[in-house]
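As structure tokens, the structure follows; a few thoughts come after it.
The values are calculated or read from the model by the stated rules, or taken from the named source; none is laboratory data. The model shown is predicted, which means the values in this text are computed figures rather than measured ones. Virtual Cβ from ideal backbone geometry, glycine too; neighbours counted across all protein chains shown. To get the accessible areas, we keep the full protein, side chains included, count just its heavy atoms, and leave off ligands, DNA and RNA. Shrake-Rupley method; radii C 1.70, N 1.55, O 1.52, S 1.80 Å.
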Amino acid sequence: YQQDYRVMLCQSDESHEKEVADANALFGSRVDGVMISLAHETQSIDHLRIFQDTGIPLVFFDKTPDDMPGISKVVVDDYLGAYQAVTHLIEQGHKKIAHFRGPVEASTSRNRLKGYQDALEHHGIQLDDSLIFSCKNISLEEGSHFAKALHQLAPDCTALFAVTDLVAIGAMLTYRELGVEVPNQMAICGFSNNPISSIIQPSLSSVSQPSLEMGKLAAEILLKEIHANMEDLEFHPETITLQTKLTIRTSSAHQISYPHVT
């Protein structure tokens with residue numbers, strides 16, 4: 001708005017079909033540029049190539065494609081954030097750590113899964129694929145559903161890293177119903193540092209991502225490319241990776257306690 005542009009907002013609700021319809025509508029409206037975070041469902045990005053082919057500036061943020069070079073991106077270091085969260089759980093004494101991952105199509109989910117896997121490997125803990133559950137909608141309900149499944153499948157599992165805070169909170173609420181104490185019997189870390197994470201009891205340890213900064217930088221790059229096109233100047237695409245920070249709260253802060261064996 002400060003640059004005298006009108007802003008059109010489209011919400012895909014993580015639907016590839018809606019994303020395609022929105023992209024076509026924006027192209028038909030002759031927009032000056034587009035910022036987009038891909039929907040969880042999106043695998044093909046053919047519907048976005050029309051912007052690149054016609055010279056309309058395009059900037060990806062958060063969830064980005066792997067097969068569209070020459071386009072600017074602003075992302076957070078999902079891999080390192082996940083690695084730090086799982087390392088924290090390991091340092092608390094946990095050796096059997098589950099992961100509720102996101103959809104396989106989303107770059108953020110894949111990078112967080114890789115961080116989880118490498119943290120285990122680098123600390124000498126063998127990966128157990130049966131402890132990885134794949135969310136499709138990344139919801140409270142999925143966190144709850146997989147917490148019940150994990151409790152039945154691996155009652156000796158003592159820690160969980162969830163792809164987002166929403167999933168982690170769904171799991172926490174269910175563990176409360178099951179009589180599983182957090183963090184003494186199940187330590188939990190989430191990702192995104194949602195404001196509710198510091199309010200819920202016990203408070204949720206989470207990896208914070210600078211979302212506002214990500215949006216601001218993406219908008220600045222988009223405006224820079226729009227102005228370069230208007231003035232017929234050369235523009236070099238940028239990729240900016242922002243750092244995350246692990247905020248440790250009550251849900252993971254205590255040392256693991258095992259039952260006495262006689």
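In this structure, the amide hydrogen of Phe61, modeled 1.01 Å from its nitrogen in the peptide plane, lies closer than 5 angstrom to those of Ile36, Ser37, Leu38, Val74, counting only residues at least 5 positions away or on a different chain.
Note on Asp128/Asp32: beta-carbon distance plugged into 1/(1 + (r/R0)^6) with R0 of 45 Å gives a FRET efficiency of 0.35. Listed by chain and number, the lysines whose alpha-carbon sits under 22 Å from that of Lys136, ignoring those within fewer than 8 places in the same chain, are Lys18, Lys63, Lys114, Lys148.
Compute the helix-to-body angle for 78-91: its Cα long axis versus the longest principal axis of the chain, expressed 0 to 90° and rounded to tens. Compared with the principal axis, the helix lies near 10 degrees. Surface exposure of the chain, expressed per residue as accessible area with a 1.4 Å probe, stands at 52 Å².
Element breakdown for the stretch 87-132 at a 1.4 angstrom probe: carbon and sulfur atoms account for 43% of the accessible area.
Protein heavy-atom surface of the stretch 141-262, 1.4 angstrom probe: 56% of the accessible area is carbon and sulfur, with nucleic acids and ligands not counted.
What percent do you get for the relative contact order of the stretch 119-262 when only Cα pairs under 8 Å and 6+ apart count? Contact order relative to length: 22 percent. Just the number: Rg to Rh for the stretch 162-205, Cα atoms, Kirkwood Rh, two decimals. Here the Rg-to-Rh quotient is 0.93.
How about the stretch 147-218: which GluC sites (Glu not before Pro) there lie in a loop by DSSP and see at most 14 other Cβ atoms within 10 Å?
Filter output for the stretch 147-218: Glu181.
With 0.36 nm allotted per residue and the present C-alpha distance subtracted, the Ile240-Val104 stretch has 46.7 nm of extension available.
Give me the number: length gained by fully extending Leu9 to Glu141, i.e. 0.36 nm times residue separation minus the C-alpha to C-alpha distance, one decimal in nm. The partial results should precede the final answer.
Numbers: separation 132, 0.36 × 132 = 47.52 nm, distance 2.73 nm.
Additional length available on full extension: 44.8 nm.
If you take all other residues with their beta carbon under 9 Å from the beta carbon of Arg112, and give Lys and Arg +1 and Asp and Glu -1, the sum is +2.
Relative to the dominant Cα principal axis of the chain, helix 140-153 is inclined by about 40°. Cα axis of helix 107-122 to longest principal axis of the chain: angle in degrees, 0 to 90, nearest 10? That helix lies at roughly 40 degrees to the long axis.
Helix-only arithmetic for the chain: the sum of -39500 (n - 2.57) across DSSP H runs with n ≥ 4, divided by the residue total, places the mean residue ellipticity at 222 nm at -12000 deg cm²/dmol.
Tally Lys/Arg at +1 and Asp/Glu at -1 over every other residue whose Cβ is under 13 Å from the Cβ of Ala218; what's the total?
My count for the surroundings of Ala218 gives -1.
Counting charges near Gly143 (Lys, Arg +1; Asp, Glu -1) among other residues having Cβ under 13 Å from its Cβ returns a value of 0. Between Ser198 and Thr54, the simple spin-label model (points 7 angstrom out along Cα→Cβ) gives 4.4 nm.
GNM remark for the chain: springs join alpha carbons under 10 Å apart, and the peak mean-square fluctuation among Phe60, Phe100, Phe235 falls on Phe235.
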